[in-house]
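Participant: One structure follows; several queries about it will come next.
Please treat every number below as a calculation from the coordinates, not as lab data. What you see is a predicted model; the values in this text were computed from it and never measured. Ideal geometry is used to build each Cβ from the backbone, glycine not excepted, and the neighbour counts take in all protein chains shown.
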Amino acid sequence: MKTTVLTLLLIVMTNAEGIAQKGNQWVDKVYSIRGNWSVQKENKEMYFVLGGDFYTLAGPDLKLYLSQKEMSEINNRDAIDKEGGVYVASLKSNKGAQKYKFPPEVNIADYKSLVIHCQKFSVVWGGIDLMDEE
């Protein structure tokens, strides 16, 4: 009985604080991207987390943006920063584990994708489609 109650409590707590979304599927545009990712909630703040197996080709000005378009609607050379994209952060590295805090004023549910974009040359590396949580 105690084990069942503790398990149920753990499930409820994990849903309230923890992984909101996760995957390892990327939508490649100009360059290949691979590795695990997740969207996590910690202490009422949302984060985008890349796993240790994350890898993509290095670029001169790679940034993360939230977009109101799905990845299938985004072209290889769209200027995400000028098309309603919301800046999240500059990519720290083209490989390995990383963690990025979403801007606090942003409601993730208002966006359909998270995009890796080279702002300097308006090149879309690729990204992920976010799940609709409604």
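Participant: Rank these for me by crowding, Ser32, Ser122, going from fewest to most other beta carbons within 10 Å.
Facilitator: Ser32, Ser122
Participant: Among Phe102, Val88, Ser32, which residue has its Cα furthest toward the positive end of the charge dipole of the chain, with +1 on Lys/Arg Cβ and -1 on Asp/Glu Cβ?
Facilitator: The residue sitting farthest along the positive end of the dipole is Ser32.
Participant: What's the local net charge at Ile74, with K and R +1, D and E -1, over the other residues with C-beta under 12 Å away?
Facilitator: That works out to -2.
Participant: Find the relative contact order for the chain and round it to a whole percent, using C-alpha pairs within less than 8 Å whose residues are 6+ positions apart.
Facilitator: Relative contact order, the chain: 28 percent.
Participant: Under 28 Å Cα-Cα from Lys63, which lysines qualify once same-chain neighbours fewer than 8 residues away are excluded?
Facilitator: Here the lysines satisfying the reach criterion relative to Lys63 are Lys22, Lys29, Lys41, Lys44, Lys82, Lys92, Lys95, Lys99, Lys101, Lys112, Lys120.
Participant: Working from Cα positions, state the angle (0 to 90°, nearest 10) between the long axis of helix 2-16 and the longest principal axis of the chain.
Facilitator: The answer is roughly 30 degrees.
Participant: Given the convex hull of the Cα atoms of the chain, what is a quarter of its surface area in nm²?
Facilitator: Seen from a random direction, the Cα hull of the chain projects 8.8 nm² on average.
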